[in-house]
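Before I ask anything, let me first share the structure, which is written out below as structure tokens.
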Amino acid sequence: MRFFRPRGLLDMASARSPLAQAVAMYRAGRHADAEKEARAVAASRSRRRNDKWAPVALGVAAIAAGAQGRHTEALTLHDEAVTLFATILGEAHPQTLKARSDRAQQLASLGRHAECEAECAEVVSAAARSTEPEAAHVALAARNGQVFALTELGRHQEAEALAREALDAAQGMPERFHLVLRLNLARSLNGQARHDAALAEAEHARRLHRGLPAAEQRAEAGAVDLAVATALLGLGRGDEARVRAVVAHDACRAVLGPDHRRTVEARDLVGRIGA
């Protein structure tokens, strides 16, 4: 029996899980409390040889630290988690690959986009060789990170093609996969100055976002309005763009730390429109 699903470290909030409290705190938006609790679990479980919950706890602590905008610390925690997962489960195990994909997100948040793209590409390749059924979810998550990194590197057409390919592969997958891929597709279209198409994708993402559970909506706080604002600005609709950018920034500040990558992006966009 698998002790958790590799689709995500937050998918295992059962009453029997030693991380149930930390995960519940995270889902409620209590990121600092979640990080503290997950670190405590990681410290206690690390005393046990090859305890599988130790790297999971490190990963949850990393995700919580990242949500607070402490991306450098989050990356360090992910490094520890990846090493432990590889030691306990093996380098090819889907959860080890998922941990690498999570780590790559922090690389992107730190502006290390070339490293993020390379890491995601390696994870996709490794997942493709896996016979585990969960590997498809891991590959899709890494593809999404790769799309984001390619856009930030200015390789917008490559990013668009990869996003559309991933969306085709996401048929039957949870709605949040579709949401984040649509948002990154909009980002790649905005990068090509195809703002009408970007706006359409962002509005599609808004409909998906509204259908998600509250905890999953919080995880993408401000992301939809940020995409909409960027497209509206490109279309010359500055007043509307500023309203959406302010809404995006307020949503980020309500859930994420002031130094979170998305909070900073929304704040910069508000300033750019104002200027």
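The values are calculated or read from the model by the stated rules, or taken from the named source; none is laboratory data. All values derive from a computational prediction rather than experimental measurement. Ideal geometry is used to build each Cβ from the backbone, glycine not excepted, and the neighbour counts take in all protein chains shown. For accessibility, only protein heavy atoms count, side chains too; no ligands or nucleic acids. Shrake-Rupley method; radii C 1.70, N 1.55, O 1.52, S 1.80 Å.
Would you mind getting the accessible area per residue of the chain, heavy atoms of the protein chains only, 1.4 Å probe, in Å²?
45
OK, next. Calculated from DSSP H runs of 4 or more alone, at -39500 (n - 2.57) each and per residue, what is the 222 nm mean residue ellipticity of the chain, nearest 500?
Calculated mean residue ellipticity at 222 nm is -24500 deg cm²/dmol.
Further question on the same structure: Carbon and sulfur: what percent of the stretch 76-213's accessible surface (1.4 Å probe)?
Exposed carbon and sulfur together represent 49 percent of the surface.
Hey, another quick one. Once the whole set of protein chains is in place, how much accessible area is left on E37, using a 1.4 Å probe, in Å² to the nearest 10?
Estimated to the nearest 10 Å², E37 gives 50 Å².
For K36, put the label point 7 Å out on the Cα→Cβ axis and report which residues of the stretch 69-95 keep their amide N under 20 Å from it.
Those under the cut-off are 69-71, 73-74, 77.
While we're looking at this one, here's another question. Using only the Cα atoms of the stretch 193-263, build the gyration tensor, take square roots of its eigenvalues as a ≥ b ≥ c, and label the shape rounded, prolate or oblate: rounded if a/c is under 1.5, else prolate if a/b is larger than b/c, else oblate.
It comes out oblate by the Cα gyration axes.
Would you mind calculating the gained length between A128 and L110 on full extension (0.36 nm times residue separation, minus the Cα-Cα distance), in nm to one decimal?
3.8 nm
Of L77, L110, which has the most accessible area with a 1.4 Å probe, and how do the rest follow in descending order?
Listed by decreasing accessible area, they come as L110, L77.
Sort T96, T87 by heavy-atom solvent-accessible area, probe 1.4 angstrom, most to least.
Reading off the accessible areas and sorting them downward yields T87, T96.
Distance from the Cα centre of the stretch 196-267 to that of the stretch 100-128, in angstrom?
Spelled out, the Cα-based centre of one part sits 23 Å from the other.
Here is a follow-up. Would you kindly state how much longer the chain becomes between A20 and R48 on full extension, computed as 0.36 nm times their sequence separation minus their alpha carbon distance, in nm to one decimal?
The span from A20 to R48 would gain 8.2 nm if fully extended.
So, taking all protein chains as they sit and a 1.4 Å probe, how much accessible area belongs to T83, in Å² rounded to tens?
Counting only protein heavy atoms, T83 exposes about 90 Å² to solvent.
Taking all protein chains together and a probe of 1.4 Å, list V243, V147, V180 from the most accessible to the least accessible.
Largest to smallest exposure gives the sequence V243, V180, V147.
Any idea of I273's accessible area? Nearest 10 Å², probe 1.4 Å.
Estimated to the nearest 10 Å², I273 gives 30 Å².
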